[in-house]
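The values are calculated or read from the model by the stated rules, or taken from the named source; none is laboratory data. As the structure is a prediction and not an experimental result, all values here were calculated from the model. In this analysis, Cβ positions are derived from the backbone assuming ideal geometry, glycine residues included, and neighbour counts consider all displayed protein chains.
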Amino acid sequence: MAATTTVLHERTEFLTLYKKETKQSEQWLKERMKEAHLPDFTLTTDELTHGARVAWRNSNKCIGRLFWNSLNVFDQRHLLNEVEIYEALLYHIDFATNNGKIRPAITLFDPKRVRVLNHQLIRYAGYETDDGIVGDSDSIEFTKICENLGWQGARSNYDVLPLVIQVDNREPMFFEIPEKHVLEVAITHPDYDFSKLNMKWYAVPIISSMRFNIAGVDFQAAPFNGWYMGTEIGARNLADTYRYNFLPKVGEAMGLDTAMNASLWKDRALVELNVAVLHSFKKAGVSIVDHHTAAQQFQLFQKQEHASGREVTGNWVWLVPPLSPATTDLYHEPIANTIKKPNYFYPALTGSKTPASR
């Protein structure tokens with residue numbers, strides 16, 4: 001059976017883009033278009049590599065797209081054994097971590113047969129207890145899934161969840177991540193004593209719950225990573241009331257009056273928590289970028305894209321940092337939230353068509 005009209009259109013669009021950007025010949029495009037009509041058409045590793053990089057370039061929520069062309073791509077479509085997939089994921093973690101010198105990477109598995117059920121390859125568990133939530137509240141439901149599969153955590157604030165892999169319709173399997181593969185950073189402050197708060201975070205954000213869409217194909221298992229912008233940890237993961245909610249404790253450690261909103265203790269605590277995150281990652285030798293530098297890098301990305309004759313699209317709500325947004329030029333700049341492919345999207349099961357952050 002030949003490819004559907006929609007799929008053929010998307011194949012044509014991508015192959016035409018690939019030809020232009022990698023300087024292929026007209027004859028090459030002619031031959032590939034003949035193959036594109038066939039039901040068993042597959043992209044080559046080189047095509048997937050360029051497509052994954054372009055998908056990062058097209059990611060409207062990502063402020064770090066300046067480095068889109070440096071994405072390392074691992075084609076693991078041939079792996080259909082859970083243990084081998086697990087080993088490939090550990091390799092991705094190690095490659096990306098690189099002793100703290102984070103390298104952007106994506107690993108691609110069979111688009112129809114392989115799924116990684118984790119939101120991120122490295123993520124802390126969350127537990128509902130009689131004394132309140134322990135750990136990451138955003139992970140409560142997935143933690144229950146892991147426990148139903150037989151996994152047991154220490155029920156601490158920072159239990160690293162296992163990798164959960166499913167091939168075809170087989171029962172999902174979980175695999176512990178050995179400690180040696182997980183680089184974590186203890187959060188300290190250069191001026192205040194935050195030691196009693198026992199805060200830490202993992203070094204690499206490797207998103208694994210997004211689908212990579214290219215040439216009419218959805219790769220459901222395509223974990224990818226860049227590196228952290230400080231506010232992702234300091235203004236969201238550790239600060240949000242529905243996550244770790246550390247701001248009140250940070251305020252107390254700073255000696256602030258937390259009884260009145262008008263004292264702006266939340267603002268002061270938020271700034272110092274972000275100072276602590278940047279200080280700690282840099283002290284540990286782990287790649288991270290502050291939001292002011294990231295905004296400047298995005299402007300350089302815009303200039304490069306304009307010079308290449310490409311329109312820059314973006315989701316303003318996500319591009320503007322959550323800390324001191326008006327101090328960045330992005331705050332005052334409108335940008336078209338047009339969706340382009342290839343791209344990274346939320347899982348099809350949610351019905352969402354919005355591209356994901358990196």
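Out of the residues in the stretch 1-22 that are of a type in the set (A, V, I, L, M), surrounded by 12 or more Cβ atoms within 10 Å (Cβ to Cβ) and in contact with a Leu (Cβ under 9 Å, 6 or more places away or on another chain), state the one that is modelled with the highest pLDDT.
Initially, the stretch 1-22 is screened for residues of a type in the set (A, V, I, L, M), giving 1-3, 7-8, 15, 17.
Those still in the list that are surrounded by 12 or more Cβ atoms within 10 Å (Cβ to Cβ) too: 3, 7-8, 15, 17.
Subset that is in contact with a Leu (Cβ under 9 Å, 6 or more places away or on another chain): 3, 15.
Values: Ala3: 76, Leu15: 98.
The residue in question is Leu15.
Entry remark, the stretch 77-101: residues being surrounded by fewer than 17 Cβ atoms within 10 Å (Cβ to Cβ) and either in a loop (DSSP other than H, G, I, E, B) or basic (Lys, Arg) (or both) number 4 in total.
Has the stretch 61-73 got at least one residue that is at pLDDT 95 or above, surrounded by fewer than 20 Cβ atoms within 10 Å (Cβ to Cβ), of a type outside the set (Lys, Arg) and out of contact with any helix residue (DSSP H, G or I) (no Cβ under 9 Å at 6 or more places or on another chain)? Checking the stretch 61-73: not a single residue is at pLDDT 95 or above, surrounded by fewer than 20 Cβ atoms within 10 Å (Cβ to Cβ), of a type outside the set (Lys, Arg) and out of contact with any helix residue (DSSP H, G or I) (no Cβ under 9 Å at 6 or more places or on another chain). Per the listing Arg268, Arg310, the residue uniquely farther than 27 Å from Phe246 by Cβ and surrounded by fewer than 16 Cβ atoms within 10 Å (Cβ to Cβ) is Arg310.
Scanning the stretch 54-76 for residues that are part of a helix (DSSP H, G or I) and either out of contact with any Ser or Thr (no Cβ under 9 Å at 6 or more places or on another chain) or closer than 18 Å to Phe109 by Cβ (or both) yields Val54, Ala55, Trp56, Arg57, Leu66, Phe67, Asn69, Ser70. Only residues that are over 21 Å from Pro178 (Cα atoms), in contact (Cβ under 8 Å) with a residue 12 or more places away in the chain and not hydrophobic (A, V, I, L, M, F, W, C) were counted across the stretch 128-151, and they come to 4.
Scanning the stretch 220-253 for residues being touching a Leu at 6+ places or on another chain (Cβ under 6 Å), among the hydrophobic types (A, V, I, L, M, F, W, C) and either surrounded by 24 or more Cβ atoms within 10 Å (Cβ to Cβ) or assigned to a loop (DSSP other than H, G, I, E, B) (or both) gives a total of 4.
Here Ser139 does not qualify as out of contact with any Asp or Glu (no Cβ under 8 Å at 6 or more places or on another chain) and part of a loop (DSSP other than H, G, I, E, B). When Ala186, Ala154 are checked against the criterion of being touching a Lys or Arg at 6+ places or on another chain (Cβ under 6 Å) and surrounded by fewer than 17 Cβ atoms within 10 Å (Cβ to Cβ), a single residue qualifies: Ala186.
Return yes or no: is Glu31 under 26 Å from the mean Cα position of the chain (by Cα), charged (D, E, K, R) and not in a loop (DSSP other than H, G, I, E, B)?
Details: under 26 Å from the mean Cα position of the chain (by Cα): no; charged (D, E, K, R): yes; not in a loop (DSSP other than H, G, I, E, B): yes.
No: the conditions fail for Glu31.
Can you find a residue in the stretch 110-123 that is under 15 Å from Gln166 (Cβ atoms) and touching a Lys or Arg at 6+ places or on another chain (Cβ under 6 Å)? So far as the stretch 110-123 goes, yes, one or more of its residues are under 15 Å from Gln166 (Cβ atoms) and touching a Lys or Arg at 6+ places or on another chain (Cβ under 6 Å).
Please determine, by comparing only the residues of the stretch 52-84 that are among the basic types (Lys, Arg) and in contact with an Asp or Glu (Cβ under 9 Å, 6 or more places away or on another chain), which one is nearest to Asp218 (Cα to Cα).
Keep residues of the stretch 52-84 that are among the basic types (Lys, Arg), which gives 53, 57, 61, 65, 77.
Going one step further and asking which of them are in contact with an Asp or Glu (Cβ under 9 Å, 6 or more places away or on another chain), we end up with 57, 65, 77.
On the way: Arg57: 18, Arg65: 22, Arg77: 13 Å.
So, considering only residues that are among the basic types (Lys, Arg) and in contact with an Asp or Glu (Cβ under 9 Å, 6 or more places away or on another chain), the one nearest to Asp218 (Cα to Cα) is Arg77.
Applying the criterion of being in contact (Cβ under 8 Å) with a residue 60 or more places away in the chain and part of a helix (DSSP H, G or I) to the residues of the stretch 274-289, the residue that is surrounded by the most Cβ atoms within 10 Å (Cβ to Cβ) is Val277.
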